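**Q** Dropping a structure here in structure tokens format, bear with me for questions.
Read-outs throughout are calculated quantities, based only on the coordinates presented, and are distinct from any laboratory measurement. All values derive from a computational prediction rather than experimental measurement. Virtual Cβ from ideal backbone geometry, glycine too; neighbours counted across all protein chains shown.
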Amino acid sequence: MKIKDLGEFGLIKRLAGFFNQNLSSEIHGIGDDCAVIPYQGFQSFLITTDLLVENSHFIKGKITPRDLGYKALAVNLSDIAAMGGKPLYAFLSLGLPVDTEIEWMDQFFSGFKQLAAETSVSLLGGDTTHSELIVINVLLIGSIETALIKKRSQALPGDLICCTGYLGDSGAGLKVLLEELPSNEYTEVLVQAHVHPRAHLKEGAWLAQHACVHAMMDISDGLASDIQRMMEESHCGAHIEVERLPLSPPLIHASRTFDWLPHDLALTSGEDYCLLLTVDSQYYSQLNEAYQSCFQRPLYPIGKVLDTPKLIYTKDQHTYTPSKGGYDHFL
Ligand code: ADP
Ligand code: MG
């Protein structure tokens, strides 16, 4: 059997079988957006790491070095946001071809530094080596009050499934870049969503304060994939009402122009970096009202948690089949 037969998530499950053993009960290892390590009684460290490889995660000619530096940190911030935490310290490791321009590196550092400054993150170290392609690894440490941590495994049957932002814009932006589609005010918004994503840190920290929010994770591989991860961890299922997926006006506009299926992009394309959460349905209205007055946007309800381990998609009461299951690096 090859890795391509198992897929990214099959491989991670296998890995967890090797290493998620003999851990003390309060430590959480492989399986959530961050690892959790308690310290000082009521606090925990949250630790996450992400790898960006040239030509797999970015194409040098399609993203400015400033945006790439920004994005390398943003994707890690999103995993801290997913648990409700506050980011603190970063480590940056780089594999670089020897002929990489210093000007390119300086721009990369300035993008990283801008977002680190905005989020009060200090870069404390890393490692540097030469390689054929550019390889970027960020490790990010955050903290949170242990009792407030939101895990993927906490969804309960009957919960409403919600998300905190538009879905599909980043994937559409990637299509614009790869297919070299014409730039206009709509496609430019989509490209920005792809090259300059915003981690929903404030939203995550706010949601963590509310006990009626049960499970939470960030949407990085596409909703169809991420909802499956969350439901597997929670031993539940989900019914997603596809017509309720929040689509941005630029995505709707560009989909008409280029004949895209916007709901399918929203389900299957990755890198949205907003949050996916489940909420006790009794408290949704109250929570949404408070959330709206804080963030001037709703918590978009997109479906319901089921007590049986199946995933159902409907669009206007008819069965809907997503074109694929979200992003997997090996499939
Ligand atoms: P995310 O998309 O939130 O970054 P991933 O899907 O990349 O999460 O990873 C899921 C879980 O598997 C995480 O807990 C992550 O730490 C763990 N994981 C992924 N790759 C490895 C690896 N090579 N070694 C150990 N743990 C890993
Ligand atoms: Mg994540």
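**Q** Consider segment 124-145. How many of its residues are crowded, with 17+ Cβ neighbours inside 10 Å and either of a type in the set (S, T, N, Q) or under 21 Å from Val305 (Cβ atoms) (or both)?
**A** 2
**Q** Suppose we keep only residues that are in contact (Cβ under 8 Å) with a residue 40 or more places away in the chain and more than 20 Å from the chain's Cα centre (by Cα) within segment 60-79. Which one would you say is nearest to Lys175 (Cα to Cα)? Let's see the steps before the verdict.
**A** We begin by selecting, within segment 60-79, every residue in contact (Cβ under 8 Å) with a residue 40 or more places away in the chain; these are 60, 62-79.
Of the ones still in play, those that are also more than 20 Å from the chain's Cα centre (by Cα) are 60, 62, 64-66.
Details: Lys60: 16, Lys62: 11, Thr64: 17, Pro65: 20, Arg66: 21 Å.
Out of the qualifying residues, it is Lys62.
**Q** Considering segment 131-162 alone, what residues qualify as being assigned to a strand (DSSP E or B) and under 24 Å from Tyr70 (Cβ atoms)? Step through it out loud before you land on a result.
**A** If we filter segment 131-162 for residues that are assigned to a strand (DSSP E or B), which is where we start, we get 135-145, 160-162.
Passing the criteria: Val135, Ile136, Asn137, Val138, Leu139, Leu140, Ile141, Gly142, Ser143, Ile144.
**Q** Those residues that are among the small types (Gly, Ala, Ser) and surrounded by 12 or more Cβ atoms within 10 Å (Cβ to Cβ), I need them from segment 1-46; list them, please.
**A** Gly7, Gly10, Ala16, Gly29, Gly31, Ala35, Ser44
**Q** Of all residues being outside any helix (DSSP H, G or I) and under 14 Å from the mean Cα position of the chain (by Cα) in segment 163-196, which is nearest to Asp280 (Cα to Cα)? Just the residue, please. Even if it seems obvious, please write down each step before you answer.
**A** To start, the set of residues in segment 163-196 that are outside any helix (DSSP H, G or I) comprises 163-168, 179-184, 196.
This time we only want the ones that are under 14 Å from the mean Cα position of the chain (by Cα), so: 163-168, 196.
Numbers: Cys163: 14, Thr164: 16, Gly165: 19, Tyr166: 22, Leu167: 22, Gly168: 26, His196: 32 Å.
Checking each candidate, the answer is Cys163.
**Q** Would you say Leu77 is closer than 27 Å to Leu96 by Cα and assigned to a helix (DSSP H, G or I)?
**A** Yes, satisfied.
**Q** Can I ask one more? Test Arg229 against the criterion of being closer than 15 Å to Gly168 by Cβ and not in a loop (DSSP other than H, G, I, E, B), and give yes or no.
**A** Against the criterion (closer than 15 Å to Gly168 by Cβ and not in a loop (DSSP other than H, G, I, E, B)), Arg229 does not qualify.
**Q** Restrict the check to segment 171-179 and report whether at least one residue is farther than 16 Å from Met216 by Cα and in contact with a His (Cβ under 6 Å, 6 or more places away or on another chain). Even if it seems obvious, please write down each step before you answer.
**A** At the first step, the residues of segment 171-179 found to be farther than 16 Å from Met216 by Cα are 171-179.
Next, from what is left, pick out any that are in contact with a His (Cβ under 6 Å, 6 or more places away or on another chain): 173-174.
Scanning segment 171-179 turns up at least one residue that is farther than 16 Å from Met216 by Cα and in contact with a His (Cβ under 6 Å, 6 or more places away or on another chain).
**Q** Condition test on Leu46, is it within 15 Å of ligand 2 (Cβ to nearest atom) and on the phi < 0 side of the Ramachandran plot?
**A** Numbers: within 15 Å of ligand 2 (Cβ to nearest atom): yes; on the phi < 0 side of the Ramachandran plot: yes.
Spelling it out, Leu46 is indeed within 15 Å of ligand 2 (Cβ to nearest atom) and on the phi < 0 side of the Ramachandran plot.
**Q** If you don't mind, another one. Exactly one condition in (1) under 28 Å from Val305 (Cα atoms); (2) of a type outside the set (Phe, Trp, Tyr); (3) within 23 Å of the chain's Cα centre (by Cα) is false for Gly158; which is it?
**A** Going through the list (1) under 28 Å from Val305 (Cα atoms); (2) of a type outside the set (Phe, Trp, Tyr); (3) within 23 Å of the chain's Cα centre (by Cα), Gly158 breaks only (3).
**Q** Further question: Here's a check for you: in segment 1-22, which residue that is under 22 Å from Ala215 (Cα atoms) and of a type in the set (A, V, I, L, M) is farthest from ligand 1 (Cβ to nearest atom)?
**A** Result: Ala16.
**Q** Conditions first: (1) on the phi > 0 side of the Ramachandran plot; (2) of a type outside the set (Val, Ile, Thr); (3) buried (at least 24 other Cβ atoms within 10 Å of the Cβ). Gly85 passes all but one, so which condition is the exception?
**A** Result: Gly85 fails condition (1) only.
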